[in-house]
C-alpha cells in the first residue's frame with residue numbers, strides 16, 4: 001500500500017501571545033469530538049503538484065483563506081498514527097472569522113444504510129494560544145507548533 005502524503009499550512013499571529021490557526025473536521029463522526037481532533041488545514045497532493053502549492057490550495061479550499069504570496073517557514077514532516085505523512089509550512093496572517101469551506105465529503109450515514117449525506121470537510125476554525133492548541137490538536141501535528149515556536153524564538157534573538 002502506498003504511503004499517503006499531504007501538505008498543509010499552519011497560519012499564525014502574534015498579539016502578545018503566539019496563536020495558531022486550527023480547523024475541526026466536519027461530519028457525523030467528529031460532531032462531539034474536540035480535544036485531539038483539531039489540526040492544520042491540509043490535504044493530499046494532486047499529480048504533478050508541489051507540496052507547498054498543495055498546502056496553499058488546501059488552505060483556500062478548506063477555509064477560504066488566501067495565503068499565496070506570503071513568506072513561508074518550512075516545518076518539515078510528521079507521520080500520523082494512520083501512517084499518513086504530513087508536510088507543513090507556517091506563515092503569519094489573520095482570519096476574518098468567516099469560514100468558507102469548499103471541500104465536501106459524501107458518506108453513507110449510518111453505515112450500510114444506503115443513506116448518503118454530504119457535509120463540509122471543515123465545520124469549525126479559529127486561532128488558539130499555544131496552550132489551548134496543545135489540548136485541541138492531533139498529537140502528531142503538535143510537533144509543527146513546537147517547531148514554529150523554536151524557529152520564531154531564534155528570530156527574536
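Going through the stretch 1-29 one residue at a time, which ones are within 15 Å of residue 122 (Cα to Cα) and either crowded, with 16+ Cβ neighbours inside 10 Å or within 10 Å of the chain's Cα centre (by Cα) (or both)?
First, pick out the residues of the stretch 1-29 that are within 15 Å of residue 122 (Cα to Cα): 8-9, 21-29.
Matches in the stretch 1-29: 8, 9, 21, 22, 23, 24, 25, 26, 27.
Within the stretch 29-45, residues that are more than 21 Å from residue 143 (Cα to Cα) sit with their Cβ atoms under 9 Å from residues that are part of a loop (DSSP other than H, G, I, E, B), at 6+ positions apart or across chains, in these pairs: 29/109; 30/37. Taking the stretch 54-67 as the range and being more than 9 Å from the chain's Cα centre (by Cα), in a helix (DSSP H, G or I) and closer than 14 Å to residue 120 by Cα as the test, the residues that pass are 60, 61, 63.
Taking the stretch 78-103 as the range and being outside any loop (DSSP other than H, G, I, E, B) and either modelled with pLDDT under 90 or crowded, with 16+ Cβ neighbours inside 10 Å (or both) as the test, the residues that pass are 78, 86, 87, 88, 89, 90, 91. Residues of the stretch 45-53 include none that is within 21 Å of residue 89 (Cβ to Cβ), part of a strand (DSSP E or B) and in contact with a strand residue (DSSP E or B) (Cβ under 6 Å, 6 or more places away or on another chain).
The set of residues in the stretch 107-131 being modelled with pLDDT of 90 or more, part of a strand (DSSP E or B) and exposed (fewer than 12 other Cβ atoms within 10 Å of the Cβ) consists of 116, 118.
Evaluated against (1) farther than 16 Å from residue 138 by Cβ; (2) without any contact (Cβ under 8 Å) to a residue 60 or more places away in the chain; (3) surrounded by 18 or more Cβ atoms within 10 Å (Cβ to Cβ), residue 52 falls short on exactly one condition, (3).
Residues in the stretch 138-157 that are in contact with a helix residue (DSSP H, G or I) (Cβ under 7 Å, 6 or more places away or on another chain) and either assigned to a loop (DSSP other than H, G, I, E, B) or closer than 15 Å to residue 39 by Cβ (or both): 142, 145.
The values are calculated or read from the model by the stated rules, or taken from the named source; none is laboratory data. None of the values given here were measured: they were computed from a predicted structure. Because the Cβ atoms are built from the backbone with ideal geometry, glycine has one as well, and the counts that use them run over all protein chains shown.
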